[in-house]
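Trainee: Here it is, the structure, as structure tokens.
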Amino acid sequence: MKQNIVDYGKVRFHEIETQDNPAFLNQTCVMVVADSKTGSEMFCVLAIVPDEIEAVTTVAKFYHHEDAMLFANLNSIWFSRYLKK
């Protein structure tokens with residue numbers, strides 16, 4: 001089963017409106033966002049699960065948005081298993 005991938009492109013995680021952020025909506029998904037420290041220079045692939053302690057986990061970082069999206073899509077089966085734990 002392919003996991004839902006939410007792409008916020010060059011937006012940093014903390015810049016996403018609360019009502020639009022899956023982490024605050026108790027949703028399970030994979031997100032691609034700009035790195036909080038470097039901005040649009042790097043992109044993070046995040047695993048989002050409805051959990052109070054480990055709701056957001058950085059899985060990988062890339063220099064190019066396209067590579068982050070490719071990684072997220074190619075690893076959708078792994079994400080499905082990881083996000084179900």
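Just so it is clear, none of the values below were taken in a lab; they were calculated from the coordinates. This is a predicted model, so every value here is computed, not measured. Neighbour counts are summed over all protein chains in view; Cβ atoms, including those assigned to glycine, are modelled from backbone coordinates with ideal geometry.
Trainee: Please list, in chain and number order, the residues 5+ apart from residue 12 or on another chain whose amide H is under 5 Å from its amide H, with Hs placed from the backbone.
Mentor: For residue 12, whose amide H was placed from the backbone, the distant partners under 5 Å are 34.
Trainee: So, by mean Cβ neighbours within 10 angstrom, what's the order for 5-13, 43-51 with the highest one leading?
Mentor: 43-51, 5-13
Trainee: Which one of 46, 8, 70 has its Cα pushed farthest toward the positive end of the charge dipole of segment 5-83, where Lys and Arg give +1 and Asp and Glu give -1 at the Cβ?
Mentor: 70
Trainee: If exposed GluC sites (Glu not before Pro) are those in a DSSP loop with at most 12 other Cβ within 10 Å, what is the longest stretch of the chain that has none?
Mentor: Here the longest run is 18-51.
Trainee: Right, here's the next one. Kindly write out, for segment 44-55 in residue order, the coupling ³J(HN,Hα) from the Karplus curve 6.51 cos²θ - 1.76 cosθ + 1.60 (θ = phi - 60°), rounded to whole Hz, with x marking Gly and Pro.
Mentor: Working through the residues one at a time gives 9, 9, 10, 9, 10, 10, x, 8, 5, 8, 10, 5 Hz.
Trainee: Using unit Cβ charges (K, R positive; D, E negative) and no other charged atoms, how large, in debye to the nearest 20, is the dipole of segment 1-82 about its Cα centre?
Mentor: With only Lys, Arg, Asp and Glu charged at Cβ, the dipole is about 220 debye.
Trainee: For residue 54 paired with residue 18, estimate the spin-label separation in nm (one decimal), with each label point 7 Å from Cα along the Cα-to-Cβ line.
Mentor: 2.6 nm
Trainee: Calculate how many DSSP beta bridges within the chain are antiparallel, expressed in % of all such bridges and rounded to the nearest 5.
Mentor: If we restrict to bridges inside the chain, about 75 percent are antiparallel.
Trainee: A further question on this structure: If all Cα-Cα distances of the chain are sorted into 10 Å bins from 0 onward, what percent lands in each bin, rounded to whole numbers?
Mentor: Going from the shortest bin to the longest, the percentages are 20, 55, 25, 0.
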